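Shown next, in structure tokens, is the structure this report addresses.
The values are calculated or read from the model by the stated rules, or taken from the named source; none is laboratory data. Worth saying up front: this structure is predicted, and the values here are computed from it rather than measured. Cβ placement follows ideal geometry from the backbone for every residue including glycine, while neighbour counts extend to all protein chains displayed.
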Amino acid sequence: MNLPFSTPQGHFALTISGVAVFLLGLLILLTVITIIQKRKTRTLKTQETSLQYTSKLLRYVIEHSRYAIAVHDTDLHYLYVSQKYCEEYHIPDGNAIIGKHHYEVIPGLPEKWRVVHQRCLHGEIVTGDDDAFVHDDGSVDYTRWECRPWYREDGQIGGIIVYTELLTQQKRMALELKETHDYLDALLMQSNSPILVWDSSYGITRTNHSFSSLLGLPMQEIVGKNVGTVFSSLGEGELERLQNRLETERSLSNAEIHIQTIKGEVRTILWNAGPIFDPIDGSLVATIAQGLDITERKAIEQQNKEQLDELKRWYAVMSQREERIMELKGEVNELLKELGRTSRYSSVEEEENT
């Protein structure tokens, strides 16, 4: 069956089958459009879910970072903040400041920080190292920081990210360490006892004025040399035994070592040495040795020994002479007895009777 139609361009006839095909095509088109819309809706939901997940993940990563991190928008409102940031800036609740203005949360910021924020919002990356921050109560914190812009999908600046590392404790520890180092250095340098420090390869790393004066060499000519060159007067065998003792026992206790000065004089030094180990891996870092010059004492001991030996020899000689005198007295008494006379030396007879 044909249905006549007329148009300005002319007449045509539409059959039943043509109408059916037309309606079927329209149905298919509507179905395809519906499917595309549903897919687009699902895609948007998936993207939204993914975006929410990414946002939560980003928040989680920032919150639990070991560093102090704050993310702001272009109006310097907080978007994300790490727990470390809250700890360092004494903020009780990080969630409570989200959406608040940075200058409202930390009102006492110096003007230089406001300038940094504006520079960063214009695309600069600004950093600071060992920067002093004075609080309202007068206390001072030292920080290392970096401020950089972050960008939206369209390439426009979306805000700034501030990374902060509080250095106050490290700076305090470094100052205490320096004070301790200076104290020990002064103690070492001003000590009346000769001191040597050498590393695990027996290279001398430190010494003091006392040891320098002992050898007659400037300190700069001693540092860097091997311990064996300083103790060269020991001889190879004795030096080897000393090194073996250090390697096995890691220490010396009252070890008498002879050292030859630049003038050729041999001095006797009583050494005590102990190791310094790495607290992490336990390896030997250095050995520090302190000496006592006992040259004069040894000389006095030698003199006393010689005098004592001389006294012993004189005592032996005098004892022998006394015994000989007693023998002669006894002989005289015997002769007098044979002649019928009275003994002359009664002390000899008394000693014989006892």
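A few comments on the model shown:
- Screening Ile325, Ile276 for residues that are of a type outside the set (D, E, K, R), modelled with pLDDT under 80, surrounded by 12 or more Cβ atoms within 10 Å (Cβ to Cβ) and farther than 20 Å from Leu214 by Cβ leaves exactly one candidate, Ile325.
- Among (1) closer than 22 Å to Cys86 by Cβ; (2) outside the structural domain of Ala70 (by TED's automatic domain parsing); (3) not small (Gly, Ala, Ser) - the single one Cys147 does not satisfy: (2)
- Pairs are defined by a Cβ separation below 7 Å, a sequence spacing of at least 6 or placement on different chains, a first member in the range 174-190 that is closer than 29 Å to Leu214 by Cα and free of Cβ contacts under 8 Å to residues at least 60 places away in the same chain, and a second member that is surrounded by 10 or more Cβ atoms within 10 Å (Cβ to Cβ) and among the β-branched types (Val, Ile, Thr); the pairs so defined are Leu188/Ile195.
- Meets criteria (at pLDDT below 80, surrounded by 12 or more Cβ atoms within 10 Å (Cβ to Cβ) and not in a strand (DSSP E or B)) for Ile62: yes
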